[in-house]
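The values are calculated or read from the model by the stated rules, or taken from the named source; none is laboratory data. All values derive from a computational prediction rather than experimental measurement. Counting neighbours? That spans all protein chains shown, and the Cβs are built from the backbone with ideal geometry, glycine included.
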Amino acid sequence: MRTDDVITEIEKVIRGKKGVITMTLATLLAGGHVLLEDIPGVGKTTLAVALSKALGLEFSRVQFTPDVVPGDLLGFTYYDQKSGEFIFREGSIYTNLFLADEINRTSPKTQSALLEVMEERHATVEGKTRDLPDPFFVIATENPYGSSGTQKLPESQLDRFMTCLSVGYPDHGSEVEVLMNDSHSKLDQVTPIFTAEEIISIRNEVANIHTDRSLYDYIVALSEATRTDERLSLGLSPRGSIALYKVSCALAYMCDRNYLTPADIHAAWMSVAGHRVKLSPRGRASGLTCADILNEIIRTVPVPKIS
């Protein structure tokens, strides 16, 4: 399976994080966007760069700071004195894979501009709509809320990200390898496995994964369980249900199957649901975390038997 080759290429520079790499790749093959939430220095940016190289995609990055404005992303029109004409200069967003580094350090206006582009897949500048390249993916990174200069992303914006992942610290052996073999110097060794055209074709295959009717019911039952649990004040939206289905199908594809299983849904559950739910006062009083409650839901909602 060539997706395994992509993971192998990325593991040249990101050690001991196969699960995060797999879920990031699954999200992109499902046509979604990824939010990487973690402390600085654990490899979030390196992961995005390595992924763009392994997938053969054009890549651009913006370091989000308070002075980044929507025009930096979407582009702007200026008057060229030489030609006597107004010329449009593209912003950073016109690429295949866009890295929004530390998205929670910029202004809400700039965040909203990015989120709108993520949803619509085109940019509107000065009344004119401009299409983005296909495929188009966003990997956004954010530092944990409470870090210096950060502000919390609203739930409506979090819901736009298909998955939210955490890279985390490497284990002892992986960190020793990082010290012995400078990962950044190995980025040039990452070999493209796919082309942009092949990724579009794969997305179509993912969209046609066979799904038993009972598994549609199962996904909705899981989402409904988050909405009715009194320990949660915010459950999965219908967009969350769709995200769970799409990522599950991508994981099935990466397992070289053309049909969905409950195991695929279980594998996608935490990455899709974790950033979409919120504890209620009762949930906080219980001493449980959102992850505890989500794990309980996945254990207790009956799993359908597929014939």
When every residue in segment 201-211 that is of a type outside the set (Lys, Arg) and within 14 Å of Thr3 (Cα to Cα) is compared, the one surrounded by the most Cβ atoms within 10 Å (Cβ to Cβ) is Val206
Of the residues in segment 50-75, those that are touching a residue at least 60 places away in the same chain (Cβ under 8 Å) and farther than 15 Å from Thr22 by Cα number 5
Among Phe76, Phe86, Phe64, which is the only one that is among the hydrophobic types (A, V, I, L, M, F, W, C) and closer than 18 Å to Phe137 by Cβ?
Phe64
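Let's see how each residue does on (1) in a helix (DSSP H, G or I); (2) over 16 Å from Thr3 (Cα atoms):
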residue	(1), (2)
Arg160	no, yes
Tyr169	no, yes
Glu175	yes, yes
Val178	yes, yes
Asp188	yes, yes
Leu215	yes, yes
Val247	yes, no
Ala252	yes, no
Arg257	no, no
With segment 1-82 as the region, which strands (runs of 3 or more DSSP E) entirely inside it contain at least 3 residues that are touching a Gly at 6+ places or on another chain (Cβ under 8 Å), polar (S, T, N, Q) and on the phi > 0 side of the Ramachandran plot?
none
Among the residues in segment 140-149, are any modelled with pLDDT under 85, in a loop (DSSP other than H, G, I, E, B) and over 28 Å from Glu119 (Cα atoms)?
yes
Would you be able to tell me the number of residues in segment 150-172 that are over 29 Å from Val117 (Cα atoms) and modelled with pLDDT of 80 or more?
1
Would it be correct to say that Leu251 is surrounded by fewer than 21 Cβ atoms within 10 Å (Cβ to Cβ) and in contact with an Asp or Glu (Cβ under 8 Å, 6 or more places away or on another chain)?
no
I'd like the full set of residues that are within 20 Å of Thr163 (Cβ to Cβ) and buried (at least 20 other Cβ atoms within 10 Å of the Cβ), limited to segment 102-122.
Glu102, Ile103, Asn104, Gln111, Leu114, Leu115, Val117, Met118
